[in-house]
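The block underneath contains the structure these notes are about, expressed in C-alpha cells.
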Amino acid sequence: MEILITGVAGFIGSNLAERLLERGHTVIGVDNLNYGFMRNIEFAKNHANFKFIMGDIANPLILNTVKADIVVHLASQKIPRYTNALRTLEENYLMLRNVVQKCIQDKSKIIFASTSDVYGKNPNIPFSEKSDLVMGPTTVKRWAYALSKMYGEQYIIANHDEYGLTYTITRFFGSYGPHQNLTWWGGPQSVFIEKAYKKIPIDIHGDGSQTRTFTYVDDTVMALVACIENNKSDNEIFNTGSKEGGEISIKDLAILIWKLVNGKDSEPMLNYIPYATFGNYEDVMRRVPDISKLCNTLNFQPTWDLQKGLKAAIEWQKKYIT
C-alpha cells in the first residue's frame with residue numbers, strides 16, 4: 001500500500017516509516033521539522049519506496065501533489081505546559097481539517113493519533129474505549145490538548161457519518177524509545193535519562209505520585225501496523241498501550257532510570273517542583289489502559305516490559321548526551 005505519514009521525522013512517525021518500508025509498503029512522509037529531525041529518517045534517504053515532503057500540514061496545498069491509500073496523521077501540538085493553548089487548539093484543528101478533506105477527496109482511510117489524555121480526570125481505572133472523558137475547568141489551559149483531540153475524534157466520526165470517511169482512532173499511552181524527543185516534549189523519560197547521566201537532580205512535577213503507563217515504541221508501531229493492514233480496524237477506536245501491569249509513578253520512574261544509568265546502589269537525586277510553577281495547571285493522577293479491544297480485534301499483543309524498554313531507550317540516547 002501507499003501510506004502517507006504526517007510528522008514522519010518525529011518520534012513515532014520515523015519508527016513507523018522504518019517498519020512499513022521493511023514490510024514492503026510505499027511511504028510518503030511530510031514534516032515541517034519543528035519537532036522532528038532529519039536524522040530520524042536518515043535510514044530512508046535513498047530508499048526507493050520513500051518520498052519526503054518538507055512542509056506544514058496546516059497549509060492545505062502541501063498535500064495537493066500526493067495520494068495515498070492510508071494517511072496516518074501523527075503531526076500534532078502537545079499539552080501547552082510551556083507554550084500557549086491557542087496554538088495547540090488552532091494548529092491541531094487546521095492540520096486535521098486538511099487531512100480529513102484530503103482523505104474524503106481521495107477516498108483514503110485516516111488513522112488518527114489521539115491520546116490517553118482524553119480520559120482526563122476520570123477516576124475509574126483502567127480506561128476502556130467506552131469510558132467517560134472527564135475534563136477539568138476551561139480556565140486551565142492544560143486541557144486544551146485533550147480537548148483538541150476529543151474534537152478531532154468527533155470531527156472524524158462526523159465526517160464518517162456525512163461523507164463515508166473510513167477511519168481508525170488510536171489513543172496512545174506514553175510512547176518512548178529510540179528517536180524520542182530529548183526535551184519535555186518527548187515525555188519525562190527522555191529528560192530523566194539525560195539528567196541521570198549528568199548526575200544532576202531530576203525534576204519531579206508535584207510530589208511524583210501521579211502514575212502513567214509507558215509503551216515502548218515498537219509496541220506502538222506494531223499496533224499501528226495492525227490498524228493499517230487489518231481492515232477489522234475500520235471505523236474503530238483503540239487504546240494503544242503496554243502489557244498489563246505497566247503502571248508506574250513518576251517518582252518511581254525517575255528512581256528506576258537513575259539506577260539503570262548509574263547502578264542499583266546509586267542514590268537518586270530528585271528535585272520536586274510545585275505545580276504552582278506552571279500557573280493555573282492540573283495534572284492527571286492515574287492513567288492506565290484496557291487494551292483488550294485492540295488485542296482481541298486485531299490479534300495484537302505488546303511484547304516489551306518497562307525495564308527492557310528503558311534499557312533500550314537509554315542505550316539509544318547515550319549518543320545524544322552532551
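The numbers here are math on the coordinates, done by the rules we state, and not lab data. Worth saying up front: this structure is predicted, and the values here are computed from it rather than measured. Neighbour counts run over all protein chains shown; Cβ positions are idealised from the backbone, glycine included.
Would you order 295, 103 from fewest to most other beta-carbon atoms within 10 Å of each residue's own beta-carbon?
295, 103
Using Cα centres only, tell me the gap between the range 269-322 and the range 192-231 in whole Å.
So the two Cα centres are separated by 3 Å.
So which trypsin sites (Lys or Arg not before Pro) in the range 26-106 are both in a DSSP loop and have at most 13 other Cβ atoms within 10 Å of their Cβ?
Here the trypsin sites (Lys or Arg not before Pro) that fit, given the DSSP loop and packing criteria, are 45.
What number, rounded to the nearest 500 deg cm²/dmol, is the helix-based mean residue ellipticity at 222 nm of the chain, given -39500 (n - 2.57) per DSSP H run of at least four residues and division by all its residues?
Calculated mean residue ellipticity at 222 nm is -11000 deg cm²/dmol.
Pairing the Cα long axis of helix 85-106 with the longest principal axis of the chain, what angle in degrees results, from 0 to 90 and rounded to the nearest 10?
Once rounded, the angle reads 30 degrees.
What aspartates and glutamates sit close enough to residue 67 to cross-link, taking a C-alpha to C-alpha distance under 20 Å and skipping anything fewer than 8 places away on the same chain?
2, 18, 31, 56, 106, 229, 234
Starting from the range 185-290, pick out the trypsin sites (Lys or Arg not before Pro) whose DSSP state is loop and whose Cβ has at most 15 other Cβ atoms within 10 Å.
Within the range 185-290, the qualifying trypsin sites (Lys or Arg not before Pro) (loop, at most 15 other Cβ atoms within 10 Å) are 199, 264.
Within a 10 angstrom radius of the beta carbon, how do 234, 69 rank from fewest other beta carbons to most?
Arranged by neighbour count, lowest to highest, 234, 69 become 234, 69.
Of 80, 123, 261, which is farthest along the charge dipole of the chain in the positive direction, counting Lys and Arg as +1 and Asp and Glu as -1 at C-beta?
Sorting the options by dipole projection puts first 261.
Given Cα pairs under 8 Å that are at least 6 residues apart, what percent is the relative contact order of the chain?
Dividing the mean separation by the residue count of the chain yields 18 percent.
So, in Å, what gap is there between the alpha-carbon centers of the range 85-152 and the range 4-65?
First find each Cα centre; the distance between them is then 22 Å.
Considering the values (i) 59, 54, 38; (ii) 57, 46, 38; (iii) 80, 62, 38, which represents Cα extents along the principal axes in Å as calculated for the structure under consideration?
So the structure-derived entry is (ii).
Using only Cα atoms, tell me the angle between helix 250-262 and the longest principal axis of the chain; keep it within 0 to 90° and round to the nearest 10.
Here the helix axis deviates by roughly 80 degrees.
Hey, got a sec? Which chymotrypsin sites (Phe, Trp or Tyr not before Pro) in the range 78-154 land in a DSSP loop and have at most 14 other Cβ atoms within 10 Å?
82
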